[in-house]
Amino acid sequence: MANISTNWEVKSPLFQDTGGADLFLSGVYFTGLLILTRNDFGHPTLQLQDCYSQVSHAHVSFSGELSVLYNSFAEPMEKPILKNLNEMLCPIITGEVEALNANLSMLEVLTKMDNYTLLDFSLLNAPEITENNIDLDLKGVFYPLENLADPPFPSVPFVLPERSDSMLYIGISEYFFKSASFAYFTAGAFNVTLSTKEISSHLVQNSQGVGNVLSRIAEIYILSQPFMIRIMATAPPVINLLPGNFTLDIPASIVILTQPENSTVETIVSMDFVASTSVGLVILGQRLICSLSLNRFRLTLPKSSRSNIEVLRFENILSFIIHFGILPLANAKLQQGFPLPNPHKISFVNSDIEVLEHFLLISTDLRYETSLKQQPSFHGWEGLNLISGQWSGNSAP
């Protein structure tokens with residue numbers, strides 16, 4: 001049943017009148033099959049099939065000084081109104097679905113993260129809707145800016161555990177982080193050159209009183225003149241997700257350079273090392289924030305250098321430099337975090353993160369904020385208003 005009301009006013013040299021009109025519709029019936037799927041570009045899209053609508057009865061009623069006169073014409077008007085409504089309802093609904101699809105096609109499923117990478121959040125498969133859940137299978141792959149080829153390693157499918165205590169479950173595969181590692185390595189993001197001044201500053205800032213002592217030790221042994229440290233990843237950092245344990249091993253080379261006054265840059269020593277770190281995780285706002293802490297540091301000196309420089313001495317000093325100088329720089333960069341899929345004006349509450357075998361599981365409730373001034377987690381998806389249900393994501397095939 002539906003009721004449409006309006007007011008009207010007539011002004012003419014012969015007479016003036018005001019009043020209202022009501023249109024009562026009953027026996028309103030609509031059926032149709034609305035399918036949520038994806039297009040070739042990974043955008044969600046809607047399909048309306050087998051649309052049928054019918055309005056069985058219409059009644060027009062006028063009010064006003066001349067309502068008796070107007071109502072005498074009401075009954076003949078009802079049949080044409082019914083005919084037009086029954087012919088127009090399905091085209092109107094179809095037009096609204098097409099307008100919504102036009103908006104969905106504008107979603108940016110490929111988002112520039114920074115000056116190094118893009119993140120692809122396109123749909124891999126059509127959303128699966130059941131009686132209790134909505135499952136979205138998102139790609140979640142990083143690419144270097146200049147190369148959209150998939151990473152040269154396979155993904156490992158995973159299945160979210162059967163749970164129902166939270167409103168939303170997000171699975172983030174090991175493949176997601178490995179693709180980020182590969183993309184940033186390929187783009188050269190893991191190469192850094194630091195001067196004596198920069199290293200000393202970070203040592204003092206990040207190691208409290210110990211920093212002054214470490215800086216002095218470094219100066220006595222190897223930093224007696226202005227120098228630079230150049231650190232270059234030799235391979236993509238190795239990601240491992242095991243129950244309760246998220247580790248990142250960074251294979252790299254370190255070159256210590258000096259430039260005596262009025263001379264060219266000289267290499268003091270070149271070494272390879274592996275820094276093994278643990279990854280801490282926290283959700284801030286709508287982003288997953290990672291932080292690194294050093295577990296082990298293994299240094300390898302060339303054979304030709306071992307007679308002149310003690311490996312242990314360099315290992316200790318460079319371990320301090322990485323722990324108090326390099327990692328704080330890396331953690332500052334990691335504070336931008338990874339965007340989590342969420343609609344506009346929806347915030348995460350009561351969130352929890354678990355590290356499981358080969359994937360992370362984020363469990364969270366959702367809260368609708370009418371005045372929330374957040375940015376969408378990734379561009380374009382703010383238009384999706386899926387408040388209830390569960391989302392799951394698998395790695396790319």
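Data overview
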item: Mean Cα-pair separation over length for the stretch 62-198, i.e. relative contact order, pairs under 8 Å, 6 or more apart, %; result: 17
item: Restricting the stretch 1-104 to chymotrypsin sites (Phe, Trp or Tyr not before Pro) in coil, as DSSP defines it, with at most 13 other Cβ within 10 Å; result: Phe15, Phe41, Phe73
item: Percentage relative contact order, the stretch 2-106, counting C-alpha pairs under 8 Å, at least six apart; result: 24
item: Where labels lie 7 Å past Cα in the beta-carbon direction, separation of Ser278 and Asn132 in nm; result: 3.5
item: Values of log10 I(q)/I(0), in the order q = 0.12, 0.14, 0.16, 0.23 Å⁻¹, for the stretch 104-189 under a Debye, Cα-only, solvent-free model; result: -0.44, -0.58, -0.73, -1.17
item: Debye-sum result for the stretch 2-106 in log10 I(q)/I(0), which assumes one identical scatterer on each alpha carbon, at q = 0.10, 0.14, 0.21, 0.23 Å⁻¹; result: -0.47, -0.71, -1.06, -1.16
item: Radius ratio Rg over Rh of the stretch 15-57, counting only Cα atoms, Kirkwood formula for Rh; result: 1.38
item: Whole-number accessible area per residue in Å² for the stretch 2-106, which is evaluated in the context of all protein chains at 1.4 Å; result: 68
item: Gap separating the Cα centres of the stretch 327-369 and the stretch 110-166, nearest whole Å; result: 15
item: Inter-label distance for Asn295 and Lys83, nm, one decimal - labels placed 7 Å from Cα along Cα-to-Cβ; result: 7.9
item: Rough spin-label spacing in nm, given labels placed 7 Å along Cα→Cβ, for Asp150 and Asn331; result: 3.7
item: Cβ-Cβ FRET estimate between Thr234 and Gln49, R0 fixed at 51 Å, reported to 0.05; result: 0.40
item: Förster-model FRET efficiency, 45 Å R0, Asn191 and Ser347, C-beta, rounded to 0.05; result: 0.75
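The values are calculated or read from the model by the stated rules, or taken from the named source; none is laboratory data. Just so it is clear, the structure is predicted and the values come from calculations on it, not from any experiment. No Cβ is skipped: glycine too gets one built from the backbone with ideal geometry, and neighbour counts run over all protein chains shown. The area values use the complete protein model at the heavy-atom level, side chains included, leaving out ligands, DNA and RNA. Shrake-Rupley method; radii C 1.70, N 1.55, O 1.52, S 1.80 Å.
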